[in-house]
1. Within straight cross-link reach of LYS112, meaning Cα distance under 16 Å, which aspartates and glutamates are found once same-chain residues fewer than 8 apart are removed?
2. Considering the alpha-carbon set of the chain alone, what are its Rg and its Dmax in angstrom?
3. Of LYS43/LYS212; LYS75/LYS117; LYS171/LYS212, which pairs sit farther than 32 Å apart, going by alpha carbon to alpha carbon?
4. Tell me, what are the semi-axes, in whole angstrom and largest first, of the equivalent ellipsoid of the range 21-134 as set by the roots of 5 times the Cα gyration tensor eigenvalues?
5. For LYS43, LYS117, what's the largest-to-smallest order of accessible area, 1.4 Å probe?
6. Keeping the other protein chains in place, figure out the carbon and sulfur percent of the accessible area of the chain, with a 1.4 Å probe.
7. Compute the convex hull volume of the Cα atoms of the range 83-162, divide it by the residue count, and report the result per residue in Å³ as a whole number.
8. Using only the alpha-carbon atoms, how far is helix 180-190 inclined from the longest principal axis of the chain? Give it as 0 to 90 degrees, nearest 10.
Amino acid sequence: MERLLAVPANLRQERSIERRIRAARLRDDNATFESFDWEFNRKTIHRAEFEELGTGDFIRRHDNVAFVGESGLGKSHLIQAIARRCCVHGYRVRYITSAELLEELTAASGDKTLSSKVRYYTRFDLLIIDEFGFDKLERREYPESPSLLYKVIDSRSRRGSTAIVTNVDFKEWTDYLGDPPLVMAILDRLVDDTIIQRFAGKSYRAYRAEQKAQQKGRQRMARKGSSNVQPS
């Protein structure tokens, strides 16, 4: 009887996990711990720390997470790997970039649905805001961005966990967003009980670009060598 009941129970659990992962709207289906190159920056990026985040215990404690560091170090890959693990553990997760979130909030503000949109982002156990500071969209296209970000982060304070992935250090947020009082209010709510992971090391993107350039160079040399061979 146990074996007979276990099959549908396992299927229901798998479907629930799949639904949570789809609802999270992760950008990269290949972003897992297993696909991450832990050796590339092994002196500065330690797997055990991220595996611990993957248990979701920080969500249970309503702790926040901040990944801070230059682009190309694997921040987005790892936060999505953590998100996938947390979905497996039963947590409701939502992933979105900073620009996408601000675009949605600005549109909602314009059509008088901002309150319902903020409530929507409050309901998730973990909200991931990726690429904060990736470009100047936050300040250039969305002048109300500090106020809009504050509404979401304040609504989630002590109710759920928020993860920020950024290449802008906290001390530079005021210069980046402007409006010092609101930025301080955001940081006050966001940095409280926050697990901060600072990324350092070599850039994966730069390394891959260099490898591709070298491969193309070798291919050109091979073609040039073959064209110089005289028929016997």
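The values are calculated or read from the model by the stated rules, or taken from the named source; none is laboratory data. If you're wondering where the values come from, they're calculated on a predicted model, not measured in any experiment. Note that each Cβ is placed from the backbone with ideal geometry, even for glycine, and that neighbours are counted across all protein chains shown. All accessible areas refer to the heavy atoms of the entire protein, side chains included, with ligands and DNA or RNA removed. Shrake-Rupley method; radii C 1.70, N 1.55, O 1.52, S 1.80 Å.
1. Excluding near neighbours in sequence, the set is GLU103, GLU104, GLU144.
2. 21.9, 80
3. Where the Cα-Cα span goes over 32 Å, the pairs concerned are LYS171/LYS212.
4. 27, 16, 12
5. LYS43, LYS117
6. The value for the chain is 50 percent carbon and sulfur by accessible area.
7. That works out to 82 Å³ per residue.
8. In the chain, helix 180-190 runs at an angle near 90 degrees to the longest axis.
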